[in-house]
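Data block below; observations after.
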Amino acid sequence: MNVKSKLTKTSGLAILIVLLFLLPLFIQQPYYVHIFIITLIYIIVVSSLRTIALSGQVSVGHAAFMGIGAYFSGVISKELGLNPWLTIPLGGLASMTIAVLVGYPFTRVRAIYFSMVSLFGGMAIVNIIRVAQKWTGAIGLTGIPPLSPIDIPGLINITFLGQKVPYYYFTLVLTLVCLLVLRRVEHCRVGMTWKAIAQSHLVASSVGINEAGFRVLALAVGCFFAGIAGAWYAHYNLVLTPPTFGFLPSIFLVMYMLVGGRDRFAGPIVGTAILVMVPELFRGLKEFAPLVLGAIMVVVVFLMPQGIAGLFDQIKAKPR
């Protein structure tokens with residue numbers, strides 16, 4: 001990438017971030033602010049799913065690990081009275097721990113077999129959440145405390161209960177931080193090793209790379225950020241139900257990643273932003289939303305194999 005192209009890309013990114021920070025000034029309706037908050041949360045989750053995919057594995061039960069972070073943070077903040085600002089990172093650590101414990105025995109399983117194992121694992125986690133009604137509630141976990149107010153005498157006083165705009169700004173900051181960390185990880189030595197394993201695990205093993213260890217590391221990093229996003233969602237939505245983290249949401253996460261473009265860092269961002277917004281255009285036909293998303297998936301697979309994020313590269317590659 002030449003200097004001019006890099007400068008243009010950086011300038012465009014900066015303008016986009018500024019526009020996102022100015023968004024609440026132009027959109028006053030709480031419902032639309034809510035949609036943007038949910039979109040930002042799922043951008044974190046789908047980007048973390050792509051981190052796992054860098055090592056050549058596609059998790060089809062990723063929503064369940066988002067649920068682990070959500071329920072862990074929600075339960076301990078409600079039952080133990082802990083500050084949500086503390087329980088949110090603990091939710092990420094809980095999700096990462098379960099991922100390592102569950103994933104380590106299956107590190108030798110690859111490709112479609114890993115996807116099947118992750119699918120069954122995710123379904124098992126959701127069923128455990130349903131069974132543990134003493135902590136998770138018979139019809140869902142309610143009474144989750146919102147984020148604690150930020151009060152600095154003489155400077156700021158930010159209250160989150162019943163407010164959408166403060167949640168939006170903090171969700172935007174959290175999303176930017178998570179994306180920055182994930183991008184740095186992808187472009188460091190660990191990320192390069194994941195990509196080498198995805199290209200050929202036999203070659204990677206032959207040069208002394210601990211393939212199993214790096215696959216578990218990819219799973220741990222991805223599930224940590226999914227748990228963070230889930231915990232944040234819990235203290236935003238204040239109510240949790242198992243279907244939110246079940247089979248269909250996990251499939252949607254994979255669709256968001258593939259439609260946006262698995263091979264590009266911007267893929268999950270573009271795919272999630274588009275596919276979360278599309279069902280809002282069909283709110284009156286909500287039962288047909290999966291059909292619409294499936295149709296979009298088919299079109300992208302056949303016409304844009306590199307995803308929407310790779311469309312511009314395809315256009316540039318065509319002769320004038």
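The values are calculated or read from the model by the stated rules, or taken from the named source; none is laboratory data. Every value quoted in this text rests on a predicted model; they were computed, and no experiment measured them. A quick note on method: Cβ atoms are made from the backbone with ideal geometry, for glycine too, and the neighbour counts reach across all protein chains shown. Surface accessibility is based on the protein's heavy atoms, side chains included, excluding ligands, DNA and RNA. Shrake-Rupley method; radii C 1.70, N 1.55, O 1.52, S 1.80 Å.
For the reader, a short list of remarks on this structure follows.
- Among the numbered conditions (1) open to solvent by 60 Å² or more (accessible area, probe 1.4 Å); (2) of a type outside the set (F, W, Y); (3) not in a helix (DSSP H, G or I), the only one that K6 does not meet is (3).
- Scanning the range 143-159 for residues that are in contact with a Ser or Thr (Cβ under 8 Å, 6 or more places away or on another chain) and surrounded by 14 or more Cβ atoms within 10 Å (Cβ to Cβ) yields I144, P145.
- Residue match in the range 223-237 (condition: more than 23 Å from M277 (Cβ to Cβ), more than 15 Å from the chain's Cα centre (by Cα) and modelled with pLDDT of 90 or more): yes
- Failed condition for V18, given (1) in a helix (DSSP H, G or I); (2) within 30 Å of R108 (Cα to Cα): (2)
- Condition check for S73: outside any loop (DSSP other than H, G, I, E, B), among the hydroxyl-bearing types (S, T, Y) and open to solvent by less than 20 Å² (accessible area, probe 1.4 Å): yes
- Within the set V60, V18, the sole residue that is touching a residue at least 12 places away in the same chain (Cβ under 8 Å) and of a type outside the set (D, E) turns out to be V60.
- Considering residues of the range 209-256 that are of a type in the set (V, I, T) and either part of a helix (DSSP H, G or I) or without any contact (Cβ under 8 Å) to a residue 24 or more places away in the chain (or both) only, the residue surrounded by the fewest Cβ atoms within 10 Å (Cβ to Cβ): I209
- Annotation note: Cβ proximity below 6 Å between a residue of the range 268-286 that is assigned to a helix (DSSP H, G or I) and open to solvent by 70 Å² or more (accessible area, probe 1.4 Å) and a residue that is at pLDDT 80 or above and not polar (S, T, N, Q) (sequence gap 6+ or interchain) occurs for no pair.
- A search for C-beta distances below 7 Å between a residue of the range 179-208 that is modelled with pLDDT under 90 and any residue that is surrounded by 11 or more Cβ atoms within 10 Å (Cβ to Cβ) and among the acidic types (D, E), counting only pairs 6+ apart in sequence or on different chains, returns I197/E211; H201/E211; A204/E211; S205/E211.
- When I139, I112, I150 are screened for being under 30 Å from F21 (Cβ atoms), aliphatic (A, V, I, L, M), modelled with pLDDT under 90 and out of contact with any Pro (no Cβ under 6 Å at 6 or more places or on another chain), only I150 passes.
- Boolean, L202 is part of a helix (DSSP H, G or I) and either within 18 Å of the chain's Cα centre (by Cα) or more than 23 Å from P105 (Cβ to Cβ) (or both): no
- Candidate set from the range 78-128 (those that are in contact (Cβ under 8 Å) with a residue 24 or more places away in the chain and of a type in the set (S, T, Y)); member that is surrounded by the most Cβ atoms within 10 Å (Cβ to Cβ): S95
- Subset of the range 1-60 [under 17 Å from L182 (Cα atoms) and among the charged types (D, E, K, R)]: R50
- Tally of residues being in a helix (DSSP H, G or I) and open to solvent by 60 Å² or more (accessible area, probe 1.4 Å) across the range 182-196: 5
- Filter pass, Y32 being surrounded by fewer than 23 Cβ atoms within 10 Å (Cβ to Cβ), of a type outside the set (A, V, I, L, M) and within 22 Å of I274 (Cα to Cα): yes
- Which numbered condition V45 misses (of (1) farther than 25 Å from F214 by Cβ; (2) in a helix (DSSP H, G or I); (3) among the aliphatic types (A, V, I, L, M)): (1)
- Of the residues in the range 130-142, not one is touching a residue at least 60 places away in the same chain (Cβ under 8 Å), closer than 22 Å to S48 by Cβ and open to solvent by less than 70 Å² (accessible area, probe 1.4 Å).
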